[in-house]
Amino acid sequence: MKKSMKKMKSEVMFTGVAKRRWLGIVLLSLAGTTYGQTTGTPLTVDADVQNSAAVVPQVEPRPIVPGAPVRNDSLSFKTLAPEGSLVLSGLQSAAQMTFTVRSDEVVSQAALNLNYTVSPALLPLLSHIKVYLNDELMGVVPVNQDSPGKKGTISLPLDARYISDFNRIRLELVGHYLSKESCETSAHSSIWVDISKSSSVALTYQGLEVNNDLSGFPEPFYDSRDFRPLNLPMIFSSTPDNEQQKAAAILASWFGVKAQWRGQSFPVLYNQLPESNGVVFATNDWRPDFLKDYPKVDAPAVEMISHPTNPYIKLLLVLGRDNKDLLTAVQGIAQGEPLFRGQSVTIDSVKQLLPRQPYDAPNWVRTDRSVRLTELTSYAEQLSVSGGSLPPIDLDMKLPPDLFLLRSQGIALNLKYRYTPPPYVDDSRLNVSLNNRFLQAFPLKPYESNKQQVLHIPLIQGLSSTGEEVMIPAFQLDGNNKLRFDFDFVSNIGASSTDVCRIMTPVKHEAVIDGDSTIDFSGYRHYLAMPALKTFAQSGFPFSRMADLSETLVVMPEKPTAEQLTLLFNVLGQMGATIGYPALGIELSNKPEAKQYEDKDLLVLNSIPQDLDANNKPEILIEQVKSQLNSPEKNSLELRTVDFNKPSSEPTPQTHAVVSSDGAIGAITGFQSPYNEQRSVVALMASGDSGYQLLDEAWRDNGKRAAIAGSVSIVRNSGVNSIRVGDTYYVGYLPWWDKLWFKLSEHPVWLAVFAVFSVILVALMLWRGLRAVSRRRLNPGEDK
């Protein structure tokens with residue numbers, strides 16, 4: 001997804017925000033201040049590492065408005081070009097990277113810090129690298145001037161006047177390895193420059209004052225141009241009650257939908273002003289001290305105001321007469337934000353027209369019908385590529401994690417594609433892979449010399465069209481999948497066998513995967529072995545079965561701490577990013593009644609309802625996952641799997657695991673609900689506030705979150721350890737014959753015995769049947 005967004009941003013034209021930025025630039029130039037008067041650290045070109053032979057332009061930095069916030073950032077090539085190595089060659093002589101600038105910031109100074117290694121065969125006077133910023137030449141970097149074949153470093157200033165919302169840095173190699181009198185080919189292996197991933201773009205940003213206008217909402221609270229993780233504090237007057245927690249949880253999940261792959265963090269503050277853009281929840285009778293004198297409202301409202309002490313920081317006020325108004329205001333944000341205008345808007349009413357259906361998450365592949373590949377794209381022109389050497393076409397496929405594909409012979413992908421045929425008989429081909437595993441290859445055939453070509457103007461010109469069927473093995477599918485199409489054209493460019501040079505222009509290839517190509521996951525059942533914390537961490541399952549989490553009950557402590565609420569909001573924000581829909585149907589309670597457990601999946605945050613009867617099963621359910629952390633010497637975590645068929649007053653543990661630690665510790669555990677065999681419980685437990693901070697850090701870290709699996713995941717400072725304890729249960733439905741096959745598949749010896757027995761039984765029945773038929777034929781009157 002991140003790569004998709006980067007490609008998309010180069011297609012966007014200037015908007016009203018960009019116009020405001022240029023107006024800000026004019027105001028900055030009129031301010032007449034010098035760069036050295038700011039509190040930020042100015043960017044400089046290091047003379048010690050600068051290549052003396054490089055053409056380095058002199059660039060004047062933009063002036064800074066006094067008092068404007070200034071920050072410095074370094075965008076590493078490892079982030080700008082995350083996949084593969086960055087090598088410029090004769091055939092692939094250009095590389096492009098993109099970066100963005102927030103709508104409330106402007107770049108005052110920029111520099112390209114380039115680390116590279118050049119082929120020793122390149123000629124110094126003829127070879128060089130051209131650096132472009134938004135198609136404007138910024139400078140030329142000669143190669144092999146003093147030390148052929150060794151690493152070089154240069155810091156090249158970039159003219160910040162050309163930097164806008166969406167920006168492209170392009171590096172082009174002009175490489176020669178022979179003199180003008182000799183014959184050379186651009187496909188020669190000696191033409192290369194390796195650009196190190198340690199290269200970076202250094203930028204100095206300064207803030208711009210933004211009007212209190214919601215017409216650009218969710219900016220500046222969330223800006224799609226900002227690729228950093230979203231950090232949005234949630235501010236309350238004091239510990240919020242259940243309805244206030246629900247309102248904030250829905251809003252956190254909605255911002256998670258917006259943030260997508262970036263990641264998100266929603267730190268909770270009580271009666272405290274944030275140091276960055278934040279969201280404040282307040283009613284007429286319950287509001288932070290800094291809003292005590294703010295006018296009361298007579299309807300659900302959403303307003304945007306400036307920070308009381310810093311005009312560059314904005315606060316989003318979610319206001320209401322009571323808690324019910326807060327929920328209405330948040331629902332209005334989640335479902336009606338494109339209609340926002342002005343500094344304040346009133347939410348009159350919010351109605352959901354159609355209820356959500358199971359497995360209809362917007363980010364998941366549909367499983368009730370065949371899906372066109374164009375439905376899986378995230379930006380325009382994602383299914384087409386062009387150039388001398390074509391980059392791969394990637395498509396993300398997120399599937400429901402409980403899709404049962406065990407007996408499937410393969411998923412059919414009806415593939416249609418077009419390409420510019422290679423002019424020579426060679427080994428050009430289309431490679432299809434799934435999750436970096438090769439599936440199938442198709443030859444890309446050249447033109448037939450004796451075939452008449454007919455051109456139809458409405459169609460894509462000069463492209464050959466074909467259709468194929470690819471069978472995707474079911475065992476290669478996961479919850480998150482990447483389907484890749486790689487058009488590999490073999491070029492026949494070079495010198496002839498004679499001494500006479502043959503000058504050829506490299507061919508620009510075109511390739512398109514037809515958007516009408518289809519993949520079909522319909523007809524498969526949903527069945528999954530649980531507990532499976534991996535599906536919870538990656539897909540939010542089982543809660544994400546309903547996209548709006550309408551079958552989820554969150555059990556909270558009676559007075560949750562800021563750390564517990566932060567963890568809850570971050571978990572729901574990540575679910576929103578995975579599902580693609582806010583948690584509008586979620587329920588929260590700190591004293592749930594027994595009937596609330598009956599048909600809900602439970603998400604528990606170390607809370608025990610105090611008013612439940614001691615013999616009640618929900619009480620015992622939560623007791624077994626309660627963190628036993630009352631010891632002053634060590635923090636211990638005790639996890640037990642309980643047989644609920646035993647008397648509830650004295651549960652007998654089937655599996656017992658105890659974990660102790662001197663420092664902070666947290667755990668995530670999952671097990672079956674005692675009220676409904678098709679429902680699950682996931683509990684988040686920790687050793688106090690420090691433990692919840694540890695859990696939150698692990699959840700927001702992609703690597704640590706990927707390590708969450710099994711039935712219990714222990715989180716410590718050293719990392720995440722996952723184990724499996726307790727019994728396995730299953731959610732979903734399978735007919736008895738599929739269940740039998742599924743059980744036998746886990747025991748290959750019994751499967752072989754069953755197969756042999758079945759063959760013998762069928763053969764015996766056929767033998768007896770054939771004997772009866774033969775007896776009747778030879779003795780027709782015997783039956784009488």
Task: Distant-in-sequence amide H partners of L158 (H built 1.01 Å from N, under 5 Å) - done: A110, A111, L112
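Using a Förster distance of 51 angstrom, determine the FRET efficiency expected from the C-beta separation of L354 and R71, and round it to 0.05.
Details: r = 45 Å, r/R0 = 0.87.
Calculated transfer efficiency: 0.70.
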Open item on the list: So if each residue of separation counts as 0.36 nm, and I subtract the Cα-Cα distance between S190 and W736, what length gain in nm does that give?
Closed with: 190.2 nm
- [ ] Only Lys, Arg, Asp and Glu count, each charged at its Cβ (+1, +1, -1, -1), so figure out the dipole size of the stretch 221-328 about its Cα centre, rounded to 20 debye.
- [x] 340 debye
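Contour minus end-to-end for T79 and D701, with contour as 0.36 nm per residue of separation and end-to-end as the Cα-Cα distance? Show your work: numbers first, answer last.
Numbers: separation 622, 0.36 × 622 = 223.92 nm, distance 1.61 nm.
Result: 222.3 nm gained on full extension.
Take the Cβ-Cβ distance between D727 and L406 as r, set R0 to 25 Å, and report the resulting FRET efficiency rounded to the nearest 0.05. All intermediate terms of the calculation are to be shown ahead of the outcome.
Values: r = 21 Å, r/R0 = 0.83.
Using R0 = 25 Å, I get an efficiency of 0.75.
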Task: Dipole axis of the stretch 103-228 (+1 Lys, Arg; -1 Asp, Glu on Cβ), positive-most option in S200, V210, L133 - done: S200
Open item on the list: Among 254-260, 721-727, 414-420, 123-129, how do they line up by average Cβ neighbours within 10 Å per residue, starting with the highest?
Closed with: 254-260, 414-420, 123-129, 721-727
Open item on the list: Taking θ = phi - 60°, what integer Hz values does the Karplus form 6.51 cos²θ - 1.76 cosθ + 1.60 yield along the stretch 232-246, in sequence order, with x for Gly and Pro?
Closed with: 9, x, 10, 10, 10, 5, 7, 4, x, 7, 4, 5, 5, 4, 5
Open item on the list: Rounded to whole Å, give me the distance from the Cα center of the stretch 260-300 to that of the stretch 58-137.
Closed with: 39 Å
Open item on the list: Along the Cα→Cβ direction, 7 angstrom out, place labels at K296 and N481. What is the inter-label distance in nm?
Closed with: 5.8 nm
Task: Label-to-label distance, nm, for residues given as S215 and S238 (7 Å Cα→Cβ offset) - done: 4.1 nm
TODO: Express in nm, to one decimal, how much length is gained between N284 and V773 on full extension, taking 0.36 nm for each residue of separation and deducting their alpha carbon distance.
DONE: 167.0 nm
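Output the peptides 209-216, 296-303 sorted from most to least packed, where packing is the average of other Cβ atoms within 10 Å over each peptide's residues. Walk me through the numbers before you get to the answer.
On the way: 209-216: 15.8, 296-303: 17.9.
Result, highest mean first: 296-303, 209-216.
What is the projected area of the convex hull of the Cα atoms of the stretch 115-230, averaged over all directions, in nm²? List each step's numbers first, then the result.
Values: hull surface 40.1 nm².
Result: a mean projected hull area of 10.0 nm².
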TODO: In whole angstrom, note down how far apart the Cα centers of the stretch 185-249 and the stretch 360-391 are.
DONE: 25 Å
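For the stretch 208-327, how big is the tail of P(r) above 25 Å, as a whole percent of Cα pairs? Intermediate values should be presented prior to the final figure.
Values: 1246 of 7140 pairs.
Looking at the stretch 208-327, the distances longer than 25 Å represent 17 percent of pairs.
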TODO: Extending each Cα 7 Å along its Cβ direction at K416 and R437, get the distance between those two points in nm, one decimal.
DONE: 3.0 nm
Task: Where the stretch 76-118 is the region considered: accessible area per residue in Å², 1.4 Å probe - done: 33 Å²
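The values are calculated or read from the model by the stated rules, or taken from the named source; none is laboratory data. Note that the coordinates shown come from a computational prediction; the quantities given were computed from them, not determined experimentally. So basically every Cβ, Gly included, is an ideal-geometry build from the backbone, and we count neighbours across all protein chains shown. Remember, those area values only see protein heavy atoms, side chains included, never the ligands or the DNA or RNA. Shrake-Rupley method; radii C 1.70, N 1.55, O 1.52, S 1.80 Å.
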